[in-house]
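The values are calculated or read from the model by the stated rules, or taken from the named source; none is laboratory data. All values derive from a computational prediction rather than experimental measurement. Quick reminder, even Gly has a Cβ in these numbers, built from the backbone with ideal geometry, and neighbours come from all protein chains shown. Accessible surface areas use protein heavy atoms only, side chains included; no ligands, DNA or RNA. Shrake-Rupley method; radii C 1.70, N 1.55, O 1.52, S 1.80 Å.
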Amino acid sequence: QVQLVESGGGLVRPGGSLRLSCAASESIDGIYAMGWFRRAPGKQRELVATIISTGSANYADSVKGRFTISRDNAKNTVYLQMNSLKPEDTAVYYCHADRSLIRYWGQGTQVTVSS
């Protein structure tokens, strides 16, 4: 079982930046896809970004050009660099990892964008 621990959330002003980290409990070399979802209050869970083992990434339209996902296999970690943050980015952000048809989840980290 892959354990995922997110960090890097917090309170930031509109226009600010945050970098989320998702550290896996084992090597991510064999993990095909990792990424981030988010859930805002009163809304459904939304895909934010995904990166596969080749390095190819895809993003939700709402974050394209502002967010960048990356993975460091040597550190067993996936990152989400979030720039030009908006109040509507406020949500709990969850990391996931897909291996052998099983999706693993982290516990989530809160991101609040407010002045």
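Before moving on, here are some points about what is shown:
- Charged-residue dipole, Cβ positions (Lys, Arg, Asp, Glu), region 15-115 about Cα centre, Debye nearest 20: 180
- Region 68-115: relative contact order as a whole-number percent, Cα under 8 Å and 6+ apart: 31
- Percentage, to the nearest whole number, of Cα pairs in region 1-106 over 21 Å apart: 29
- Residues of region 29-45 with amide N under 19 Å of a point placed 7 Å along Cα→Cβ from Ser100: 29-34
- Length released on extending from Ser70 to Asn83, taking residue separation times 0.36 nm less the Cα-Cα span: 3.3 nm
- Note on region 1-50: the C-alpha convex hull projects to 4.8 nm² when averaged across all orientations.
- Entry note, region 8-76: relative contact order of 27 percent, from Cα contacts under 8 Å with a spacing of 6+ residues.
- Percent of beta bridges antiparallel (DSSP, the chain, rounded to nearest 5): 95
- Leading residue at positive end of dipole, region 1-112 (Cβ point charges), from Val92, Tyr79, Ser21: Val92
- Over the chain, relative contact order from alpha-carbon pairs under 8 Å, at least 6 apart, %: 38
- Solvent exposure of the chain as accessible area per residue, Å², 1.4 Å probe: 52
- Overall, the accessible surface of the chain at a probe of 1.4 angstrom is composed of carbon and sulfur to the extent of 48 percent.
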